[in-house]
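Report on the following structure.
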Amino acid sequence: MIGANELKEKEKAMKKADKITTLSFTRWKADWLQATPMYEQAATTFKLGKHYEKAMEAFEKAATGQERLGSPFSAAKHMESAGMMAKEAHQWTSAAASYSRACELYLEAGRPQPASDALFKGARAVEDHLPEEALRMYTEAISMCEEEGREQNAGDVFRAAVSLYLKLERWNDGATMLLRQGLAFDSSKGKQSQCKAYASAVIVYLYAEDVKQAEKCYNDCSEVEAFGNSEQGEFTRKLLQAYRDGDGEEVKYVISKSKNIVDQLDHMIIRLANKLPTGGMKAIAGTSSAAAHDELDPDDLT
């Protein structure tokens, strides 16, 4: 338990640190070497005392100190802590900004993996309150992994981004992210995971009652040999055939019969699959695979 006297001492230390880092007619150079540990100690005390706004401010100033002292990695760690304190204080915009700044500092320190991790943490912290900002952070984190050839490390980020898109009922964006995930798994030789991502994208389109796009997605993905020959590929083929036949009961039967395949997918996709078919089957009966194939994008997914 942090006592009132200890809190007052750290508040005084903060004021002293502010004073020795502020330039004036009598102080021509900021003393970050002395001030930074004062900010760090104050931040820890405020955190333990659950004075989250004060802790956030102290961590931000400690980060500035470490940056001025030439340690961007330590500065980044403090900015992550500032983001955590902002979350606890329900200051969502500040939380997102702190994690984004941590990412920049990690990159400055030559540490791309912690940089993308910081964006992921920040997005998770704010997604319920700033979903668009969270999606930006998720997408940037994924792009960083792709640029560094570390797609295999982005699995959790992909899942979080897809989950948020589906929560927002942005079905096309969710399916597009799943296809992007499939490409990432292709680059990292994760064929089984790639097949699951492609089957998931088809399910999302079907849940959104966009059977034509589901057909296009399936045909595009089938150009990838691993998917075309997989149990996930066979499952989606049978599922789409049931849709073309306009047979809602067959749709349910295919999903039930393929429970071992469906249950291997991410939980949010399982929920969608178990609700199929949505909408009226008559409106979508008669869609042919050949017709959908004629409208495919010429770029394949390999």
Per the range 24-168, sqrt(5λ) over the Cα gyration tensor eigenvalues, sorted largest first, in Å, gives 30, 18, 11
Mean projected area in nm² (Cα convex hull; one quarter of hull surface) for the range 125-185
3.7
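Using alpha-carbon pairs under 8 Å, 6+ residues apart, how would you state the relative contact order of the range 49-208 in percent? Present the calculation step by step, with values, prior to reporting the outcome.
Working: 223 pairs, mean separation 21.2, N = 160.
Relative CO of the range 49-208 lands at 13 percent.
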Report, to the nearest 10°, how far helix 32-48 tilts away from the longest principal axis of the Cα atoms in the chain, using its own Cα long axis and a range of 0 to 90°.
60
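Cβ under 12 Å from ALA242's Cβ, ALA242 left aside: what net charge do those residues give with Lys, Arg +1 and Asp, Glu -1?
On the way: positive: ARG237, LYS238, ARG244, LYS252, LYS257; negative: ASP245, ASP247, GLU249, GLU250.
Around ALA242, the surrounding residues sum to +1.
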With all protein chains modelled, accessible area of LEU130 [1.4 Å, Å²]:
50
Using DSSP loop states and a limit of at most 16 other Cβ atoms within 10 Å to flag chymotrypsin sites (Phe, Trp or Tyr not before Pro), what is the longest stretch of the chain containing no flagged site?
29-302
Would you work out what percent of the accessible area of the range 169-279, with all protein chains in place, is carbon or sulfur (probe 1.4 Å)?
42
Hey, what angle do you get for helix 52-68 against the long axis of the chain, alpha-carbon based, 0 to 90 degrees rounded to 10?
80
Please report the accessible area of SER94 (heavy atoms, 1.4 Å probe, ligands and nucleic acids excluded) in Å², nearest 10.
40
The chain: angle of helix 72-88 to the longest principal axis, Cα-based, in degrees nearest 10
80
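Only loop residues by DSSP count here, and only those with at most 15 other Cβ atoms within 10 Å; note down the trypsin sites (Lys or Arg not before Pro) in the range 1-87 that meet that.
Details: sites: LYS8, LYS10, LYS12, LYS15, LYS16, LYS19, ARG27, LYS29, LYS47, LYS50, LYS54, LYS61, ARG68, LYS77, LYS87; in loops: ARG27, LYS29, LYS50.
In loop regions of the range 1-87 (DSSP not H, G, I, E or B), the sparsely surrounded trypsin sites (Lys or Arg not before Pro) are ARG27, LYS29, LYS50.
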Computed over the range 169-279, the Cα gyration tensor eigenvalues, each multiplied by 5 and square-rooted, give semi-axes in Å (largest first) of 20, 14, 13
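For the range 11-103, what relative contact order do you get, as a whole percent, if you take Cα pairs closer than 8 Å and at least 6 residues apart?
Details: 126 pairs, mean separation 19.3, N = 93.
The normalised contact order for the range 11-103 reaches 21 percent.
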Computed over the Cα atoms of the chain, what is the convex hull's projected area averaged over all directions, in nm²?
19.4
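The values are calculated or read from the model by the stated rules, or taken from the named source; none is laboratory data. Small disclaimer: the values here were computed from a predicted structure and weren't measured. Every residue, glycine as well, gets a Cβ built from its backbone with ideal geometry; the counts of neighbours run over all protein chains shown. In case anyone asks, the SASA skips ligands and DNA or RNA and just uses the protein heavy atoms, side chains included. Shrake-Rupley method; radii C 1.70, N 1.55, O 1.52, S 1.80 Å.
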